[in-house]
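First up is the structure itself, then whatever we jot down about it.
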Amino acid sequence: MARRKTTSNLVPPTNVADGGKQVKHKQVFDYLYGSIQSGALKPGDRLPSEAELGEMFNASRITVAKAVLELQRLGLVTRRPGAGTHVLAQKQASGHTFGLLIPELGLTEIFEPICHGMMRTPFVRPDSLLWGSASGSVRESAKEAEQMAQSYISQNVSGVFFAPLELTSERDTANQRIVRMLERARIPVVLLDRGYLPYPEQAHHDLVGIDNRSAGFIATRHLLQHKKRKLVFVGEANTASTVDARITGFYEALRMEGILPERELAWRGSPVDEGFVRRMLENGRPEGIVCANDLTAARLMQTLQGMSVSIPENIAIVGIDDVKYASLLSVPLTTVHQDCAGIGALAMATMLERIEHPELPVREINAPIWLVERRSCGAEKN
């Protein structure tokens with residue numbers, strides 16, 4: 001049977017010429033994803049060729065291929081040699097119920113959009129996801145997380161999405177207890193954002209997040225490219241293994257620039273503690289600071305401004321995450337963007353594939369990241 005042609009079904013993209021504010025592969029992905037979700041592209045339809053998409057978006061074939069690969073990883077399309085890329089019938093999570101085990105849901109800004117990304121996927125019903133409740137207290141988080149895990153086990157959920165604990169000294173032992181509980185109950189686990197073992201050890205379950213080493217590298221390289229040579233990294237104590245990976249990327253960028261530090265440049269402490277910040281400034285004398293995440297950057301900026309340190313005139317700052325308030329700070333924050341909604345969609349697709357094919361090797365799946373330049377780094381011209 002002849003396949004439907006796609007070109008006539010699609011609404012041409014608009015405003016693609018001014019795509020400087022958005023990474024090109026993300027534009028291509030959003031356009032194709034939206035066309036599949038709206039029904040403009042139906043199961044069996046062929047996507048426009050890479051050459052056609054490249055012309056539509058003024059993008060290279062490598063950029064287009066990256067966007068199509070993201071669709072393929074979500075299980076939305078299949079690529080057939082000699083036949084092009086076609087839309088797949090969408091898998092459904094019918095009959096499955098999943099538990100969301102995210103102790104920091106109200107504390108860390110990335111998890112709400114990740115959960116919304118799960119809810120918006122074509123694979124899941126609104127009632128397929130069970131949300132656990134937490135007090136929001138870091139002190140109580142370990143106990144509450146274990147109670148949530150036990151609740152999901154008693155409800156015989158089909159799988160659990162787990163964002164391991166951080167910011168508590170009990171995090172490692174608590175995380176491993178929770179994972180063992182779920183393993184004994186034979187419940188599939190997909191880790192969100194981070195592993196539960198110290199960096200660089202790899203978890204024994206699928207993990208969906210970003211390449212955190214690359215994120216630290218990108219943030220640091222940006223400051224180096226703008227002539228900031230004396231840099232430090234700032235993060236809080238007891239953070240997740242993602243921060244250790246970002247520190248590794250920080251040092252890799254310095255080494256590639258020929259900078260071989262004679263002392264430790266990664267500072268761990270509270271960014272609202274003026275004494276800690278003052279010691280960091282006096283010992284490091286930084287021209288630029290790479291922060292473990294945007295929350296750390298926002299708090300550090302507030303402390304520095306209270307100490308009459310001007311940003312970016314005295315010190316340039318870069319964060320990681322691009323949470324929703326990053327552009328609304330008193331000095332808009334340059335940061336490494338992570339596609340939280342995309343992480344949620346990838347996590348749901350990964351869980352369904354794990355249930356369907358439990359014999360697959362454990363995977364680490366990374367959503368794309370890119371730098372968003374604003375005033376805090378001193379490089380924005382407008």
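FYI, it's all coordinate maths here, none of it is from the lab. Every value quoted in this text rests on a predicted model; they were computed, and no experiment measured them. FYI the Cβ positions are ideal-geometry reconstructions off the backbone, even for glycines, and counts take in every protein chain you see.
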note = Ranked by GNM mean-square fluctuation in the chain (Cα springs under 10 Å), the top entry among Pro48, Pro122, Pro261 is Pro261
request  = Compute the FRET efficiency between Arg120 and Val309 as 1/(1 + (r/R0)^6), taking r as their Cβ-Cβ distance and R0 = 41 Å, and round to the nearest 0.05.
outcome  = 0.50
task = Go ahead and set up a Gaussian network model of the chain, Cα springs under 10 Å, then flag whichever of Glu274, Glu282, Glu364 fluctuates most.
result = Glu282
query = For the chain, what is the mean residue ellipticity at 222 nm derived from helices alone (per DSSP H run of n ≥ 4: -39500 (n - 2.57); sum divided by total residues; nearest 500 deg cm²/dmol)?
reply = -12500 deg cm²/dmol
query = What FRET efficiency comes out for the pair Arg61/His204, r = Cβ-Cβ distance, R0 = 35 Å, nearest 0.05?
reply = 0.40
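Share of antiparallel DSSP beta bridges in the chain, in percent to the nearest 5?
If I count the DSSP bridges inside the chain, around 25 percent turn out antiparallel.
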query = So how much slack lies between Arg177 and Ile259, counting 0.36 nm per residue of separation and subtracting their Cα-Cα distance, in nm?
reply = 25.4 nm
note = Each label sits 7 Å from Cα toward the beta-carbon; between Gln155 and Arg79 the label points are separated, in nm, by 3.8
ask   = What percentage of all Cα-Cα pairs in the stretch 250-302 are separated by more than 13 Å?
value = 63
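When the convex hull of the C-alpha atoms of the stretch 197-328 is computed, what volume per residue in Å³ does it have?
In the stretch 197-328, the Cα convex hull volume per residue is 112 Å³.
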inquiry  = Looking at the chain, I'd like the Rg to Rh ratio, where Rg is from alpha-carbon atoms and Rh is Kirkwood's inverse mean 1/r.
reply    = 0.99
